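Okay, structure first, notes after.
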Amino acid sequence: MSLFENTIRQMRNAAQIMKLDPHVEAHLSSPQRILEVSVPVHMDNGSVRVFKGFRVQHCNARGPYKGGIRFHPQVDMEEVKALATWMTMKCSVVGIPLGGGKGGVIVDPRELSERELEQLSRTYIRAIEPLIGPEKDVPAPDVYTNPKIMAWMADEYSMLQRRNKLGVVTGKPLSVGGSEGRGEATSQGGMYVLEEALKELGKNPSEMTVVIQGFGNAGANVAHMMEDAGYKVVGVSDSKGALYCKEGLHPREAISCKMEKGTVTECSVAGIQKTGDCCKVITNEELLEVECDVLVLSALENQVTKDNAANVKASIILELANGPTTPEADEILREKGVMVIPDILANAGGVTVSYFELVQNEANFYWSAEEVQERLIRIMVEAWQAVSETAKKHNATLREAAFIVALKRLEEAMLARGW
Ligand code: GLU
């Protein structure tokens with residue numbers, strides 16, 4: 001089953017429970033617009049390589065399309081369609097007035113020089129320029145894209161338009177229209193939601209052990225936030241492997257060691273482990289099955305599947321990645337009583353602060369870090385409450401409930417517009 005088919009299956013489950021208008025369901029079952037572009041780059045060695053890129057616009061019933069751009073060697077159209085669909089749901093769950101879109105370029109950016117990466121980013125923006133803009137479709141960072149790339153993209157679009165249009169992409173550096181708090185927003189939003197979940201379960205962060213899969217923007221930020229909030233982080237990983245420290249580890253030291261050595265698997269040394277000799281290097285697959293209370297999935301999709309879901313020991317899964325749990329795994333986890341805090345709620349802090357960034361760019365008036373946090377926490381807590389209440393009302397999982405909340409708002413908007 002493709003990732004997009006998984007997404008549609010998740011939507012259908014919720015649609016059945018809430019009795020969604022079948023026209024609305026049909027409308028949301030395929031993206032409104034799909035663009036495929038070629039992205040030629042003059043390489044440093046004098047050759048020209050032509051990369052393939054996509055932009056998918058899933059639904060703009062509630063506002064302009066919004067969603068990241070992924071630079072990854074394995075990205076494909078089915079994946080981008082799935083990610084765009086989740087963006088529609090995500091924006092709706094947190095109640096921000098945006099739709100869903102997503103982009104991708106098939107490339108391993110780690111193999112490009114800085115100049116090649118800049119040309120790729122600018123050429124991709126020129127290719128999709130007719131379809132984007134602050135009122136049309138607003139890209140952002142995703143896997144292997146970052147604020148520096150967003151600055152090039154905002155600059156390229158502004159030059160084409162012959163005016164400053166910094167709100168064309170979000171996740172920019174602070175020096176060119178970025179927002180306070182955007183860099184950490186995905187992790188911060190996840191922390192706020194997890195805190196609410198623990199309150200409901202009557203549990204304290206200090207009693208919880210945590211394993212974090214993935215050490216990119218979301219994984220690395222959530223690791224030190226968890227440490228500061230009193231959780232005990234016992235495992236971390238990156239694409240090369242995992243480090244499991246039964247007695248706990250120090251996330252900040254693990255982050256700086258990863259920066260220095262390139263992977264956490266080289267980091268099982270004093271200074272990172274909390275007591276003596278408690279760390280061992282294991283695989284990413286093994287990490288998902290170790291003893292812990294909270295498993296944070298912040299790597300890629302399809303990590304917890306029908307093959308390993310039964311072995312997950314955590315009682316809570318926090319999905320900071322998009323689509324890390326397959327529908328088959330969801331069934332197994334439901335039977336085991338594992339609480340899965342779904343991606344479209346758990347990682348929505350990122351797009352929420354992207355929305356704040358867009359608003360600030362359009363007004364050309366900027367907020368303090370405190371103002372950003374105040375607004376983010378309010379939105380995340382309200383979204384958690386809506387999802388949690390809906391789950392109880394329908395005896396549904398949190399994923400089903402999050403889709404129900406999102407679909408209700410989409411249904412209302414689409415019917416009001418006469419779609
Ligand atoms: N790529 C992020 C996501 O999947 C952020 C999207 C955005 O900020 O527009 O939610």
Checklist entry - Can you name the condition, by its number, that ALA396 falls short on among (1) buried (at least 17 other Cβ atoms within 10 Å of the Cβ); (2) part of a helix (DSSP H, G or I)? => result (2)
Checklist outcome for this item: ALA321 meets each of (1) out of contact with any Gly (no Cβ under 9 Å at 6 or more places or on another chain); (2) in a loop (DSSP other than H, G, I, E, B) with one exception, condition (1)
Checklist entry - Would a scan of segment 331-343 turn up a residue that is part of a helix (DSSP H, G or I) and small (Gly, Ala, Ser)? => result no
Checklist entry - Taking the stated definitions as given, is LEU295 within 21 Å of GLY216 (Cβ to Cβ), aliphatic (A, V, I, L, M) and modelled with pLDDT of 95 or more? => result yes
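Condition check ((1) out of contact with any helix residue (DSSP H, G or I) (no Cβ under 8 Å at 6 or more places or on another chain); (2) not small (Gly, Ala, Ser)) across all residues:
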{"site": "LYS19", "(1), (2)": "yes, yes"}
{"site": "ALA61", "(1), (2)": "no, no"}
{"site": "VAL105", "(1), (2)": "no, yes"}
{"site": "GLU111", "(1), (2)": "yes, yes"}
Checklist entry - Which residue pairs have Cβ atoms under 8 Å apart, sit 6 or more places apart or on different chains, and have a first residue in segment 134-151 that is at positive phi and a second that is buried (at least 20 other Cβ atoms within 10 Å of the Cβ)? => result TYR144/ARG70; TYR144/PHE71
Checklist outcome for this item: Residues in segment 166-186 that are within 12 Å of the ligand (Cβ to nearest atom), under 15 Å from the mean Cα position of the chain (by Cα) and not basic (Lys, Arg) total 5
Checklist entry - Residues of segment 332-356 being away from the ligand (no atom under 16 Å from the Cβ) and in contact (Cβ under 8 Å) with a residue 12 or more places away in the chain, which ones? => result ILE332, LEU333, ARG334, LYS336, GLY337, VAL338, MET339, VAL340
Next on the checklist: Which numbered condition in (1) within 14 Å of the ligand (Cβ to nearest atom); (2) more than 27 Å from SER30 (Cβ to Cβ); (3) surrounded by fewer than 24 Cβ atoms within 10 Å (Cβ to Cβ) is the only one that ALA154 fails?
Outcome noted: (3)
Checklist entry - Looking at segment 373-380, is at least one residue away from the ligand (no atom under 16 Å from the Cβ), at pLDDT 95 or above, in a helix (DSSP H, G or I) and closer than 26 Å to MET18 by Cβ? => result yes
Checklist outcome for this item: Here the residues within segment 152-181 that are among the charged types (D, E, K, R), on the phi < 0 side of the Ramachandran plot and not in a helix (DSSP H, G or I) are ARG163, LYS165, LYS172, GLU180
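The values are calculated or read from the model by the stated rules, or taken from the named source; none is laboratory data. Quick caveat: nothing in here was measured; it's all calculated off a predicted structure. Heads up, the Cβs are rebuilt from the backbone with ideal geometry, glycines too, and the neighbour counts pull from every protein chain shown.
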